[in-house]
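Chemist: Just dropping this structure here.
The values are calculated or read from the model by the stated rules, or taken from the named source; none is laboratory data. Everything numeric here is computed off the predicted structure, so don't read it as measured data. Here Cβ is always computed from backbone atoms with ideal geometry, including for glycine, and neighbour counts include all displayed protein chains. Calculation scope for accessible area: heavy atoms of the full protein, side chains included, ligands and nucleic acids excluded. Shrake-Rupley method; radii C 1.70, N 1.55, O 1.52, S 1.80 Å.
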Amino acid sequence: MLILGIETSCDETAAALYDTERGLLANEIFTQFDTHAPYGGVVPELASRDHMRQMQPVVQAALKTADCKTTDIDAVAYTKGPGLVTALMVGASYAKSLAFSLGVPAVGVHHMEAHLLAAMLADNPPQFPFVALLISGGHTQLMAVESFGKYKLLGATLDDAIGEAFDKSAKIMGLPYPGGPSLENILKDGQAGQVSLPRPMIRHPGCDMSLSGLKTAVSTLIQQNELTDQFKADVSLEFHQAIADMLIIKTKRALEQTGYKTVVVAGGVSANKYLRKRLDDAFAKKNVKAFYPPMAFCTDNAAMVAFTGAENFKHGQQDQDLSIETIARWPL
Ligand code: KG4
Ligand code: ZN
């Protein structure tokens, strides 16, 4: 069965073709960094306009890479939410119209479920059950994942998401958007112990987290010091250390609560090599194995949407009518 996956929840226009027998055949992506970079963050209206312009070329490119025709497609999966409504609408309208014209099912996919299942696209995928640490630009969650579709929220950020903290802190420091990769790039030059940032909520029981205080602390540091390259690197290192310390403590609690021995870390921030190393080292001591999606499937992509659409469809889920619905805020 050949599934076309469509992703337009934020600032990436992506299309992928996933074959349930042969695996991933194409994964095309148009990244809108250049559109949003001058503003230091995503401008929803501009994102939608780019999606409108890029959707069809990106789908055509995926078909070409996979050497398939539209008539080969057996179902169209698309990101239904959560995300920017006007951006989601472009992908949802395109996907549902294409599915209707081909006479095949359309399958609405939850963006965070797609991030979570992206780890299944690795050569060595995790086995259920596991603790999922979802860290993206819009979400920061710890979940108990018993099996496909059986998810229980253990804790979440009470304010900003981790990716948001990276993006806002980078912006305050005058670093380019997106902030995560920018801060990671200068991390290697940082000297430990030069500056100090809080480890929010680590003494607070449970798995909830908080990131807005960290961002405010970065802002205070920047206001009080001369902004040299060395200083930025020192702040980046301390910022990474603070986030790693918090994630390790909270994820260990989730592991204790569930008794699970596997962690899946997913979402855009899971591309961060420093965080991966710190988490791997901490879990190894506890005999816990951490799994990550392949690098290309950490940030937004359509491969994870096509794969999740295939799983949804296998479990009997598909859109029941022709209405085009998107959901901006949607708990998993
Ligand atoms: O999953 P994603 O592509 O989109 C959402 O669903 O939000 O995540 C985007 C977020 C951005 O905040 C970006 O700065 C962050 O992921 N990010 C990173 C890295 N690559 C992307 N954060 C830290 N280190 C990275 N290497
Ligand atoms: Zn995402």
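Chemist: Is it true that some residue in the range 252-265 is hydroxyl-bearing (S, T, Y) and part of a helix (DSSP H, G or I)?
Modeler: Within the range 252-265, one or more residues are hydroxyl-bearing (S, T, Y) and part of a helix (DSSP H, G or I).
Chemist: For the range 121-133, does any single residue satisfy the condition of being open to solvent by less than 10 Å² (accessible area, probe 1.4 Å), at pLDDT 95 or above, within 16 Å of ligand 2 (Cβ to nearest atom) and not small (G, A, S)?
Modeler: Taking every residue of the range 121-133 in turn, at least one turns out to be open to solvent by less than 10 Å² (accessible area, probe 1.4 Å), at pLDDT 95 or above, within 16 Å of ligand 2 (Cβ to nearest atom) and not small (G, A, S).
Chemist: Any idea which of S169, S236, S270, S196 is part of a helix (DSSP H, G or I) and more than 19 Å from H139 (Cβ to Cβ)?
Modeler: Every option except S236 fails the conditions.
Chemist: Just the residues that are of a type in the set (G, A, S) and either modelled with pLDDT of 95 or more or open to solvent by 40 Å² or more (accessible area, probe 1.4 Å) (or both), please, taken from the range 8-59.
Modeler: Hits for the range 8-59 are S9, A14, A15, A16, G23, A26, A37, A47, S48.
Chemist: Right, here's the next one. Listed residues L158, L175, L153; which is away from ligand 2 (no atom under 16 Å from the Cβ), crowded, with 16+ Cβ neighbours inside 10 Å and either closer than 30 Å to E311 by Cβ or assigned by TED's automatic domain parsing to the domain that holds L255 (or both)?
Modeler: That would be L175, the only listed residue that is away from ligand 2 (no atom under 16 Å from the Cβ), crowded, with 16+ Cβ neighbours inside 10 Å and either closer than 30 Å to E311 by Cβ or assigned by TED's automatic domain parsing to the domain that holds L255 (or both).
Chemist: Within the range 276-311, which residues are open to solvent by 40 Å² or more (accessible area, probe 1.4 Å), touching a strand residue (DSSP E or B) at 6+ places or on another chain (Cβ under 6 Å) and part of a helix (DSSP H, G or I)?
Modeler: D280
Chemist: Among the residues of the range 283-306, write down those that are within 14 Å of ligand 2 (Cβ to nearest atom) and more than 12 Å from the chain's Cα centre (by Cα).
Modeler: The answer is A303, and nothing else.
Chemist: Within the range 82-96, is even one residue within 15 Å of ligand 2 (Cβ to nearest atom) and within 16 Å of L332 (Cα to Cα)?
Modeler: Checked the range 82-96: at least one residue is within 15 Å of ligand 2 (Cβ to nearest atom) and within 16 Å of L332 (Cα to Cα).
Chemist: Quick check on this structure: which one of V104, V109 is open to solvent by 10 Å² or more (accessible area, probe 1.4 Å), at pLDDT 95 or above and over 24 Å from I248 (Cα atoms)?
Modeler: V104
Chemist: Sticking with this structure for a sec: Do any strands (runs of 3 or more DSSP E) entirely within the range 1-98 hold 1 or more residues that are among the hydroxyl-bearing types (S, T, Y), and if so, which?
Modeler: The qualifying strands (runs of 3 or more DSSP E) are 12-19, 23-31, 75-81.
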